[in-house]
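The values are calculated or read from the model by the stated rules, or taken from the named source; none is laboratory data. The model shown is predicted, which means the values in this text are computed figures rather than measured ones. Every residue, glycine as well, gets a Cβ built from its backbone with ideal geometry; the counts of neighbours run over all protein chains shown. For the accessible areas, the whole protein counts, side chains as well, though only heavy atoms, and no ligand, DNA or RNA atoms are used. Shrake-Rupley method; radii C 1.70, N 1.55, O 1.52, S 1.80 Å.
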Amino acid sequence: MAQIYLRPRAYQAISFDLDDTLYDNAPMIRAAEASLLQFLHQNYSETRRWQRDDWIKLKTRLIHNQPELGHDTTAARLIMLEQGLLMLGYSREHAKSGAMAGLNCFLHKRSDFTVPRPVVNLLRDLSAKYPLIGITNGNVDADKIGLGDVLDFVLHPGAGTRMKPYPDMFYHACRRLNIPLHSLLHVGDSHASDVMGARMAGCQSAWLNPSFGRDKPHRFGQLLPHVEIQDIHELQELIG
């Protein structure tokens, strides 16, 4: 049942986080990571010397040295792959081509699923009343997972646009929708990025707690959401 903490104002559009809000993202990422490692091991045999943790350590070091990569998951993975292949002894030409091929392998598998039909139906119902958009820190392809017909557009970080909780994508969304910030209701599962991001940008926040497919709720952070829901389908009654 929805719990209201702050009196909501009238809203003119609804934005959704994607990963772990509209579907369980963890299995998709595990499958994509496994597919990438298989590709590397089959085509670049020297990568068998590295474990998953070695790639993670390299990525962490790259982001530490180039903080802007922390706001672009696709660019960070591409550079991680290229630098890793170079460190394993491959030529720059092979490292560049291998990194791009590896990235494409990951991205294909990362979006190789369909959002559950009940969720798509919910969004379709809501889209008859409000413009719906996506605001995600990830790099899933919304069209490939079945959201292209129900979301007007999806915003991703990168190319100078910072991840939530920075306000960049909320500002971009409201300018594109031509609505004031307080007229956007943002729905997401992460208190740190979705609730804090929406609240600090001046938007309204609906916190999905726990995340999609989870049982254990998260604890509150510094700012209250306007409303807390335990199941994404509670939006139907809340917004109805």
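When only residues in region 47-64 that are over 23 Å from residue 94 (Cβ atoms) and at pLDDT 95 or above count, which is least open to solvent (accessible area, probe 1.4 Å)?
63
Kindly check whether there is at least one residue in region 74-87 that is more than 24 Å from residue 160 (Cα to Cα), at pLDDT 95 or above, in contact with a Lys or Arg (Cβ under 9 Å, 6 or more places away or on another chain) and open to solvent by 50 Å² or more (accessible area, probe 1.4 Å).
Within region 74-87, none of the residues are more than 24 Å from residue 160 (Cα to Cα), at pLDDT 95 or above, in contact with a Lys or Arg (Cβ under 9 Å, 6 or more places away or on another chain) and open to solvent by 50 Å² or more (accessible area, probe 1.4 Å).
Looking for whichever is over 24 Å from residue 164 (Cβ atoms) and touching a residue at least 40 places away in the same chain (Cβ under 8 Å) here; the options are 101, 2. Which one fits?
Going through 101, 2 in turn, the sole match is 101.
Count, please, the residues in region 1-16 that happen to be open to solvent by 10 Å² or more (accessible area, probe 1.4 Å) and touching a helix residue (DSSP H, G or I) at 6+ places or on another chain (Cβ under 8 Å).
Within region 1-16, the subset open to solvent by 10 Å² or more (accessible area, probe 1.4 Å) is 1-12.
Now narrow it down to the ones that are touching a helix residue (DSSP H, G or I) at 6+ places or on another chain (Cβ under 8 Å): 1-2, 9-12.
Residues in region 1-16 being open to solvent by 10 Å² or more (accessible area, probe 1.4 Å) and touching a helix residue (DSSP H, G or I) at 6+ places or on another chain (Cβ under 8 Å): 6 in total.
Going by the structure shown, is residue 125 modelled with pLDDT of 95 or more, part of a loop (DSSP other than H, G, I, E, B), surrounded by fewer than 15 Cβ atoms within 10 Å (Cβ to Cβ) and charged (D, E, K, R)?
Working: modelled with pLDDT of 95 or more: yes; part of a loop (DSSP other than H, G, I, E, B): no; surrounded by fewer than 15 Cβ atoms within 10 Å (Cβ to Cβ): yes; charged (D, E, K, R): yes.
No; evaluated as a whole, the condition is false for this residue.
Contact list please: Cβ distance under 9 Å, first residue in region 32-61 and touching a residue at least 60 places away in the same chain (Cβ under 8 Å) and under 15 Å from residue 98 (Cα atoms), second residue basic (Lys, Arg) and open to solvent by less than 60 Å² (accessible area, probe 1.4 Å), pairs at least six apart or on different chains.
35/110; 36/77
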